[in-house]
Structure formats: structure tokens, C-alpha cells
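S.K.: The structure's right below; bear with me while I get my questions together.
A short reminder: the numbers here are calculations on the coordinates, not readings from a lab. Because the structure is predicted, anything quoted here is derived from the model rather than measured. Because the Cβ atoms are built from the backbone with ideal geometry, glycine has one as well, and the counts that use them run over all protein chains shown.
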Amino acid sequence: MSENTEVEVGATMSPENLELLGRVSAALGAEAIIESAQAVGDLVVRVANASWREAAKACRGALGFNYLSFIGGIDWMPAPVVGGEAGDTSSPVQPAEQTYGAAGSAGRFQVFARVASTSVPRSGLTLKVDLDEESPAVDSWVSIYPGADWHERETWEMLGIGFNGHPSLRHLYLPAEFEGNPLRKDFPLLAREVKPWPGLVNVEPMPGEDVEEEAE
Amino acid sequence: MLGAQLLVAENAFFYVIAAVMAYGAIRVVTTNNIVHAALYLVVVLAGGAAQYLLLGQEFVAWVQVIVYIGAVIVLFLFGIMLTRAPMKAEEKLTNDLRGAALIPTGLLAAILATLCLDAFSDKTVDLVSPIRTKAVTSAIFRGYLVPFEVVGVLLLGALIGAVVLARRD
Amino acid sequence: MPKFEVDPAVHRGLADARLNVEIDNGDMILNLGPQHPATHGTLRLVVRLDGERVVASDVVIGYMHRGYEKLTEYRTYPQITTLINRIDWLSSFANEVPFVHAAEQLMGIEAPPRAEYIRTALTELSRIATFLLFLGEMGLQVGAITPAFYGFRDREYVLNAIESATGGRFHPNFNRIGGLKDDLPWGWIAETRESMRKVLKSCDEFEDLVVSNPIFQKRTRGIGIIPAELGASYGVSGSNLRASGVDWDLRRDGKPYLVYNDLDWKVWTHSDGDSFARYWVRLQETRESARMVLQLLDVMPSGPVMTKVPKIIKVPEGEVWVNTENPLGEMGYYVISKGATGPFRVKIRTASLSNVSIAPWLLRGVYLPDIITVLASLYFILGDIDK
Amino acid sequence: MRSLAVDIWGGWATTLGIKTLIVMGLIPVGALVLGYTFLLKMMSHMQSRLGPMDPGGFHGWYQLIGDGIKFIQKEDIIPEGADKRVFKMAPAIVVLSTFLMFVVLPGGPDFVVAKDLDVGVFYALAVSSLSVIGVLMAGWASSNKYALLGSLRAAAQLIAYELPLVLAVIGVVIQAGTMNLQDIVRFQASGEIFGWDGLGLPLILTQIVGFGLFMIAAQAELSQPPFDMPVAESELVAGYMVEYTGFRFLFFFIGEFGTAFVYAGLAATLFLGGWSVPFIDVDADIMNVVGPLVLFAKIMLVAFLMFWARFTYPRFREDQLQSLAWKWLIPIALANILVTGALKVAF
């Protein structure tokens, strides 16, 4: 994990997000923020794993983000190519190398969350945190945002990411006996592997199709 | 003539109902299922009401139905179900001393039978003209007004006592 | 980094309650669902009762989990709108909007104004359809049969309007990245205007029949109060949160989307936060939506309904979070694209999941019949929980 | 002197048998009429729909009969953990209670369904309480938590509302000076309103409070909305009936609507003048034909009120229902008795 304490300020970041970023680093301490970026108008802040719970406290307290929208996880591992044959467009073909989205990542797993304020219009912040690849885990937010309970259970069962301090980490959607973490990229979607999907072959004609073909 | 016919039929019914009551009473104490016991008690009480009817005591019979079957037994069942409702028979319900218990039971039965025979054996009931409600109410509100009121106050006391005991705070 | 450990046996006892009658220490464990009329589908609620009072409860979900987040990784963008139609199946059209917006924002295109107006009108129509069902259903849940029929009757007008515009009553799949599949049919505006008048009349009827009914008030007032701050930290959103006095509506307070800023409308709140407040707020919002649709019909601009898009849609690399005010609350998609024909990862934020997650807290100490009132007033759709 | 067997088969036993058959026929017919008129047709029209239209040709009159036949054909399912004997007996006891209530309903000067009892009112209310036992048995024997909760609710509710029901009637009994239903009808027919005897004196005029209490309590005794917690379909699914299918369920259905019919009949008899009708002499022979029809019309009127409330109101919660009974209905009923008694003594 790179301990890059220098906050990178994107040249394209809007004044509102710059202002918000300033408040975030003031509340959280600049050393806790690894990187930040703007994703289509929204501020994304990547915080250090050790500061994850502190980040929630700062959001709920000093920053006034009283509303928890969601907590989820990302597996950045390159998606397996389904179908196999060359030119098969039944499924989207993702890039083969491991790249990271806004604000980057140090490894395969990330947990991200979205908080907002119900009193300030157009407010909100996306937080990301890097996880250890061998035993991915991070502090739980349940004691700060009680709504984190179910979201963390879902992330735990879907991606195998642990949440330290969660009161009862058990399956939310899946049966109690279920083994594996379905949202990991290396968990195969058997239905798709067994039977190819017609996919892009049958694109439905759209209104103004002639125009499009001209455009191409 | 009609009276004689009715008498025969009534005697027959009396013994049939009495037999049913006796069976029910025995089953109340011998069954291992507490809800069944309460239901057998219903049989006994209903038999009692039927016997009152045979004696031409309509009012008392319906009081028996509304009070004992409609209220007391319902409260019994209600209480049993609210606290614990075992679906299966319980072994523990049968007491080991049931042999010994026969002696006081027999004694009690003998004493009661003797007393009743001694007190009522020379009384006859006029079956053709049943006792009307008016007679019952006159007896209660004229002849026995004071005992009736005393019983009422006593029950009120019991009611208040129950409330006091049951309140948690 | 500390190694994470969890004992899977913990807390499973409550969920494994057996079905046969056994009462210990005055406590009874009762299973509501997954096949129970009060749970609108396959929600399972395990409650520990003392008499009729709820001591503790646990919500068991997932009986209808379809794994949409996984499936989206194997679909192309146009295919995904078909899937997400089925998340909140009562307001399918409103589900499509944020996802299509997400793709459009990443691609840097915008739908033509007419398309945005039609999208707004259809979103509000699906909101009315959803709420009309709720207004009747809530009556049914507290024991009045008749409002349910009134709700279904008037919802039919709205569904007809949606059907005649999109061709689908429940799953229109009408949105396209860059616009809409078709323009409105001839005569639609006049018919919809008529339907909206019926909806407004129907709202008055619910006001008379349900809201002012003393028994209904007795059953719902003071029951299941969500404190505003707690509700927000649970992620409760939409009408449920507005009923707790939080003046927050993404149509007004979120990133601007559709054409809500061009309309004259009001955000309704109620200060009580109880089941009655939730009913009342939804009733007012139904009215407000009908008024909004009437306005939209008046100012509907002309022009194309589809912008120029390539035949095979590839969304540039990037991340976007789009959330909208759906009938049930905040619905959002966090779309991560790596430049392929399909998204790399879609995080679906559904309203009902967070709305129901507060239920165990709300249900402590209420009576058994209040469970039904509280669940009904939270108003969830199973598909929206089990995404 | 004839033998006992001849007495039984040739005399009162035959009469008893015939009367039993009549009552047993009346219960399903009453249930059928109410079920069809109100449950199927009136409710549908109130809810802007038509209800059954096809079976039988005319407005689906055959629907409910067909349903009954369907129920009889269905498999008789008894849950594995159930107490089989109690489970089977329960519906019979509920219907027995309805059956016994029918016995005293007078339909004309010489026409009482089975027996003109001296304490008719009291008898009817006494035997109506028998159905609670059946309900408790059904709930307990089903081995189902919903059923158990339903029957517990039913018991608590029926006990609580038995009292206002009886107390509501006492005003009528005081005014008429009799508990005999026939005499109550005659009292109303021969009464006069401030010296004008054109209409007789339907006791609803003086006992309007009692009538209201009786209707509310009867609604609760029938476990109909707004008092239908024992069978609340949105929380307890079907309460104590949840495990019953086929003809056993049919028994409960018949019991429910049959009892509604009897309660409507009792209300009509006690408060609306029963089978008597103004301008026809009470003891005219024609009344034995007109009387039942008049009574039926009045029953339908009262039943309309009952079912109107049933289809309109949401249901109370259990504790609200109890506080309604104990804090409001019973004190009002007692005050009503007091006022009636005082007026009776005064005039």
C-alpha cells in the first residue's frame, strides 16, 4: 500500500468539490487521505485502511453527512472472458490487465461507500478504502451508521470481505450453507458459461437508425 | 298420562346423562393431557345443565351453561394455552399417590351421598309444571336478598384482591 | 492488518425457529413468511413474542435474490435495462432512468428535451401507480378490504397510460441510452390528462375513506416512529424519511435530473414520523405527482426523442454515481466502466433494502398487529430488497 | 298403556326430530342468503366490481352453492401434529352453538322454530357462548402458532364482549318485563308511542343505546371487522381456521354466517318488533305466514348494517378492542340499565 500522503488535486475538479475536499482533509487529517478524484461531478476520496472508521466518524460528525446511501465492494481483478471463441460478442469483453478506476487502488479489493447529507442539497461523498488481498478486511461502520449492518453483510457474503467489529456477520441474501463469494470475478456465472447468450448479434433496430448508420 | 310417559323418558335420560357425566368426571382426572381434562370437564358441566333441564329448572340450566361453560372453562383453556400448551400427553400429570387418593375420595362421596339422601330424599319435583324464572327471581330478591348481596360483596372483594395480586407494579 | 474471523453459528438460532408450537418462559417464536400475506412476497420475519408484544425480531431476506449485480457484468448496457426493470417491479420505468442517465453521463451525451419530458412524465406515472397500490394496500393490511379495490381500480388508469405509451404495463423497457424507444402515441396527452383528474379524485376518496377513519388513525398514529436522524443513518429514504420531517427530495435536492426544476411542485413532509405520517405523505405525493404530470402535459416540447448514438454502445472508461428519487426512496447505480460494451461493476443501491433494515429496530415493543402496520407503511417491494 | 318405544317414535321424539331437521336446514339457508347477498354481491358493488355473474344465470346466485359442493369434495386434511379428535370436533361445536341459538327464534304467533322458552333471550345468549369452546379447540388442536394466537384472541374477545351483549339486552328485558322472545314481540306490537298505537312500540325507539351496544357487541362476537382479529388475514392469515380445509372449513363458514343470521334475528326480535308488523293483528292466523317473511325482511335490514360496517372499517388492535369493551361499552350499558330501570319504576 502506497502511503502517498500528498493529496492530488485534479485540474478538472469543480470548485465545490475542491471546497469539500478541503473540509474532508481538515476533518480527517491529510495523512489519512491517499488519493482523491472527481468522477462525473462527484468527489471520490480514497482513505487509508486504518482510518476507515475514523472517516465514518468524521463524515457523520464534522462533515454533516448523516445519511448512508450504501456500502459495497469492488473486485478489480480482470474479468474472465466468457465464450472463448474469437469474435464472440455475446458478453462484454473487459480489458485483460488490472486497472483501477477513479482514485485508484492498491490491490484487487476495495470497499466503497456513499454518504450524503439530508440538509444540504447536492451534497455527497464517495469513500474508498484499499484492502489486503490475502484476507481482505476493514473496520465496520455499524456503530456509526446502523444502516451499514446489512450492506456490510452483503459485501461480506458477495466478496468475502470481512468487517471487524460487525455484530453478526452472517449471510444476508444467500442460504446459510452457501460457499463462495459470487461477486468475485473468479466466481464463474455457470449459466452463462454453459449456454452462450445471443447477445449483440440481435441488436434491436432503433428509431433513427439510418442516421446512426450514416454516422458510422 | 302424559306425566307418566315423561317420567319414564326422564328416568331413562337421567341415567344416560349421569353415566356420561360419570365417565367425563373420571376422564378429567385420568387423562394425561391437560386440555383434554378441561374439555372433559365441559362434558360434566353440560351434563349438569341437562340434569337441571330434566328437573324443569330452565333458568339454572342456562346459568350453568353461560357461567361454567361460557366463562369458567373458557378462562381455564385460555389460561392453559397462554402459559403452556403442550400438544402431547404429559407423564408427570399422574400422581403416584393415586391409589391412596381413592380412600378420601370414596369417603367424600359417601358423606355427600348420605347428606343429600338425608336432606332431599323426601322432596319431589313437579315435573309437569316446571319452575318458572319468576319463582327463582322472587326467591333471590325477596327470600334470600341478604345472602345474595353478601355473596356479591364477597366476590367483589375477591375480584379486587385478584387485581391487586396480579398487578406487577 | 488483523485477520478477520467470524463464527457463522452466531445469531443463527433466531432464524432457525421451528414451526411447531412450543412456548418457553412466556416467549413464543413466530415465523411470519416467507409465504405470508403481510410480507408482500417472500420476506421472512422471525419475531419473538411475549404474549402479543414483540421482544425481538429478525428479518430474513434473499428468498428471491436474483444476483443482478453479478448478471450486469455479463450483459451489455442495453440489455441491462431489461434486468433492472425487474428490481422494483411496480415502478419499472423509474428504475431505468438512473441507469440510463449513468450511461449517458459517462458517454457525455444527453437525451433530447422531449425525451426528458416524457421520461419525467412516465416516472411520475409509475410513482402514482406505485403509491395508489400502497394507499389501497395499507387499508387492506389494517383490515379494511374496500380501499384496496379502489386503489386497484384507479391504478388501472395509470397503467393504461403507461401501457399505451410504452407497450408494457409493468416492464416497459422503454428507455434507450440517448433517449426513448418511441414517441408518444396520438391522443395520449388528452387521455392521460383525464386519468390524472381521476387520480386526483381518487386521492380525495382515500382522504375520506382511510385517512379520516378513526380506527385507521387509532391503528397507525404513534406506531413505528422513525426518528429523523436515526432514519437517515439507517439509510431510510424517500417518503419514509420525509414523513419523519426531513425535507429532502432528490428530485429537488439531488444532482439535477430530468426536468423537475422546470416544474412547480412542493415537497411534502410530516413531523410525526409514524405509520400515519408515512401514509399521509404518500397520499400528498400522489396528488403532487398527478399535478406534475398535468403540468408536463401542458408544456411538453416537440422534437426528436432520440439523440445520435452509435449502433454498438461502448461506454468510455470512468465511474459515475447516479441516484434518483424513486417511489420507494433513493435508488442509485454506481457504474464502473472500463470502456467495454458492458459495465465492469454496477453497484445497485435500492431503496427498500435500507428502508427495511430499520424494521428490527422499529418493531421492538410493538404488538403483533402493529408489525403489519409498520411493514405496510414502510412500503417495500421484495424485488427491490432482493435485487 | 303403550310401550316406551312407541312413545318415543310416535310422540314427542318425532316432533323433536322434525324440528331438528328444520333448524339444521335453516342454518345453511340463512348462511347462504347472507353470504350471497352481502358477501358476494353487496361487497362487490361497494367495491366497484360485479362479483359473480355467471353461475346459475342470474347474477351468479349459484356461486355459493357451488362453492359449498366444492368444499365437500375437497380432501379432508388434518395436520400431522394435530390432536385429531379435538380437531375434528371443533367445527361441529361451533355449528352446534349456532344450531341451539336458532331454536328460540320466533317467526309468528304459533311459530317458533323449535321451542318457546321462558327465558328465550337468556338461553340464546348462553348457548352462543358455546362457540368459544369450539374456537379454542380448533386453535389449540391445529398445532399451529397462528391458529393458537387466533384462538387466544378469539377467547379474550368473546369473553369481553359477552358482557356488553348481555347487558345491552337487559334494558329490553326490563322494559318488556319478560325474557320470553314471543312476549317481547307481543309487547312491542301492542305498545304505544305516547298513546298512539299505530306502529306499536319497536323498542329501538326507547332502547337506541341498547341497540347500538348490541350491534357492536354482536359484531365482535361474530369476529367481523372491525373486530376480526381472531381471523385477521393480514397478520394471522386465517387465525384458528388456518389448518381447516374442505367441509370442516365449510362448517366454520356456515357457523359464521349462520350465527350472523341469528344475531340479526335476535336484534330484529328484540329491537325492531320481530315478526310483528303494524296494522295487522298480532294473533291473526295470517301472521303465521306473514310473520316469517316480515322477520326475514327485518333480519336482512339488520344484517345490512352489520355487513356494511364489516366491509368498510379497518380492524382494531387487540388492546384497543379490550379497552373499547371495558372502558366504554360496559359502563354505557350499565348506565343504560340504570336509566331504563329508573324510568320503569317512575312510569
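S.K.: Most fluctuating residue of D:Lys298, D:Lys41, D:Lys84 in a GNM of chain D with Cα springs under 10 Å: which is it?
M.R.: The residue with the greatest mean-square fluctuation here is D:Lys84.
S.K.: Still on this structure, please answer the following. Suppose R0 equals 45 Å. What FRET efficiency, 1/(1 + (r/R0)^6) with r the Cβ-Cβ distance, do B:Ala101 and D:Leu205 give to the nearest 0.05?
M.R.: My answer for the efficiency is 0.15.
S.K.: With +1 on the Cβ of every Lys and Arg and -1 on the Cβ of every Asp and Glu, and nothing else charged, how large is the dipole of chain D about its Cα centre, in debye rounded to the nearest 20?
M.R.: Using Cβ point charges on Lys, Arg, Asp and Glu, chain D gives about 480 debye.
S.K.: Okay, next question. When a footprinting reagent is the concern and you count Cβ atoms within 10 Å, what order do C:Ile128, D:Ile332 take, fewest first?
M.R.: In order of increasing Cβ crowding within 10 Å: D:Ile332, C:Ile128.
S.K.: Would you please state the base-10 log of I(q)/I(0) at q = 0.07, 0.14 1/Å for the stretch D:2-346, with intensities from the Debye formula using one equal scatterer on every alpha carbon?
M.R.: -0.31, -1.20
S.K.: Multiply the residue separation of B:Val72 and B:Arg132 by 0.36 nm, subtract the distance between their alpha-carbon atoms, and state the gained length in nm to one decimal.
M.R.: Taking 0.36 nm per residue and subtracting the Cα distance, the gain is 19.0 nm.
S.K.: Same structure again: Hey, which lysines would be in cross-link range of D:Lys88, C-alpha to C-alpha under 25 Å, not counting anything within fewer than 8 residues on its own chain?
M.R.: B:Lys88, D:Lys70, D:Lys74, D:Lys145
S.K.: Can you list residues whose amide H is under 5 Å from C:Gly41's amide H, if they're 5+ apart or on another chain and H is modeled 1.01 Å from N?
M.R.: C:His36
S.K.: If you don't mind, there's one more thing I want to ask. For the residue pair D:Thr14 and D:Ala342, what label-to-label distance in nm results when each label sits 7 Å from Cα along the Cα-to-beta-carbon direction?
M.R.: 5.7 nm
S.K.: Could I ask something else about it? When only alpha-carbon atoms are used, what values of Rg and Dmax, in angstrom, describe the stretch C:101-255?
M.R.: My reading of the Cα-based Rg and Dmax gives 18.3, 54 Å.
S.K.: Helix D:145-176 versus the longest principal axis of chain D: what angle, 0 to 90°, nearest 10, using Cα atoms?
M.R.: 0 degrees
S.K.: Describe numerically, in nm with one decimal, the distance between label points set 7 Å from Cα along Cα→Cβ at A:Leu18 and at B:Phe13.
M.R.: Placing both labels 7 Å beyond Cα along the Cβ direction yields 10.4 nm.
S.K.: Right, next: Which of D:Val33, B:Val67, B:Val42, D:Val135 comes first, and how do the rest follow, when ranked by fewest Cβ neighbours within 10 Å?
M.R.: B:Val67, D:Val33, B:Val42, D:Val135
S.K.: Mind pulling the angle between the C-alpha long axis of helix D:287-312 and the longest principal axis of chain D? Nearest 10 degrees, somewhere in 0 to 90.
M.R.: 50 degrees
S.K.: Which listed residue (C:Pro316, C:Ala290, C:Val356) has the Cα farthest towards the positive end of the charge dipole for the stretch C:285-387, taking +1 on Lys and Arg C-beta and -1 on Asp and Glu C-beta about the Cα centre?
M.R.: C:Pro316
S.K.: Scan around C:Leu49 for amide H atoms under 5 Å from its own, H built in the peptide plane at 1.01 Å from N, and keep only partners 5 or more places away or cross-chain.
M.R.: C:Met28, C:Ile29, C:Leu30, C:Val55
S.K.: What nm value, rounded to one decimal, do you get for the distance between A:Glu177 and D:Phe279 when each label is placed 7 Å out toward the C-beta?
M.R.: Once both label points are built, they end up 7.9 nm from each other.
S.K.: In terms of the Cα gyration tensor, with a ≥ b ≥ c the square roots of its eigenvalues, is the stretch C:59-385 rounded because a/c is under 1.5, prolate because a/b exceeds b/c, or oblate?
M.R.: oblate
S.K.: Using 1/(1 + (r/R0)^6) with R0 = 45 angstrom and r between the beta carbons of D:Leu305 and A:Val120, what's the FRET efficiency to the nearest 0.05?
M.R.: 0.20
S.K.: Please provide three numbers in whole Å: the alpha-carbon extents of the protein assembly as shown along the principal axes, with the largest listed first.
M.R.: 118, 74, 57
S.K.: Which whole-number percentage describes the relative contact order of chain C, with Cα contacts under 8 Å and a sequence gap of 6 or more?
M.R.: 24 percent
S.K.: Apply the Karplus curve 6.51 cos²θ - 1.76 cosθ + 1.60, θ = phi - 60°, to the phi angles in the stretch D:72-85 and return the couplings in whole Hz, x for Gly and Pro.
M.R.: Running phi through 6.51 cos²θ - 1.76 cosθ + 1.60 with θ = phi - 60° gives 5, 6, 5, 5, 8, 9, 10, x, 5, x, 6, 7, 4, 5 Hz.
S.K.: Relative to the longest principal axis of chain C, what angle (0 to 90°, nearest 10) does the C-alpha long axis of helix C:113-141 take?
M.R.: Approximately 20 degrees, to the nearest ten.
S.K.: If amide hydrogens are placed 1.01 Å from N in the peptide plane, which non-local residues have theirs closer than 5 Å to the one on C:Arg345?
M.R.: It is C:Ile336, by chain and number.
S.K.: Now, a different point. Using Cα pairs under 8 angstrom and six or more residues apart, how large is the relative contact order of the stretch D:2-346, in percent?
M.R.: It comes to 23 percent, rounded to a whole number.
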